């Protein structure tokens, strides 16, 4: 799927940076485009013109990780690997359960079968359908970013498509991403490889180096940086499972703690 149409020049005005924290460019990615840096936490900046904005899903658009990991914790305990919810999230947030099959088999002494993974997905989906909520302030941020970029936004997730569409549909966010959802399960390689972000950029006829990526995990930040994009890392004050310093070291351009700040960071 490829969306076409003229880009046309845009003149975006600087927005207040609020409490965002400046992060230096990734020195290991010399070919990535990085806009001019601000000089202080409260300095207004001439924001770059991004051709497209690419969002992760879990932890960026939807507050799903505690629910998903609660189900996983219960199923691992049933196999003899007891974990607290915090321990489970520290181990598995940002990763596909199927990619962690070797670890699970080592810890439980039982194989990770297709039937077990299907059972996990079913129990996870039931919990998400009943309880998932949107990240605070994300709906208004999406509305502004979608309008400000002429609809050139996409959801590029490491999760399976059914899960992404279930959550976005339940929360009324799917309309911003119709036919612009990309799953790592459908790519040759999932995150931290850049494939899903490169596919999303190609579909939007955007250069990866002119895309902004919004992520919340080390795995996701690495994927965005590997794609050559400018990565904005969301770390809310309540987060206990992601270290902002680690995301900086991985190449995140900005770390911010409130989705209400994102449109301004993108120059809207």
- [ ] Calculate, axis by axis, the spread of Cα positions in the stretch 138-238 along the three principal axes, and write the results as whole Å, longest axis first.
- [x] 34, 30, 28
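Pairs of alpha-carbon atoms within less than 8 angstrom and 6+ residues apart define the contacts here; what relative contact order does the stretch 114-221 have, in percent?
On the way: 93 pairs, mean separation 23.7, N = 108.
So the answer I get is 22 percent.
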TODO: Subtracting the Cα-Cα distance from 0.36 nm times the residue separation, let me have the gained length for residue 114 to residue 146 in nm, one decimal.
DONE: 7.7 nm
TODO: Counting other beta carbons within 10 Å of each Cβ, put 175, 180 in order, fewest first.
DONE: 175, 180
Task: Ascending count of other beta-carbon atoms within 10 Å, so fewest first, for 119, 64, 238, 157 - done: 238, 119, 64, 157
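Bear in mind these aren't lab numbers, they're just calculated from the coordinates by the rules spelled out. Note that this is a predicted model, so its numbers are computed, not measured. Glycine gets a Cβ as well: all are built from the backbone with ideal geometry, and neighbour counts include every protein chain shown.
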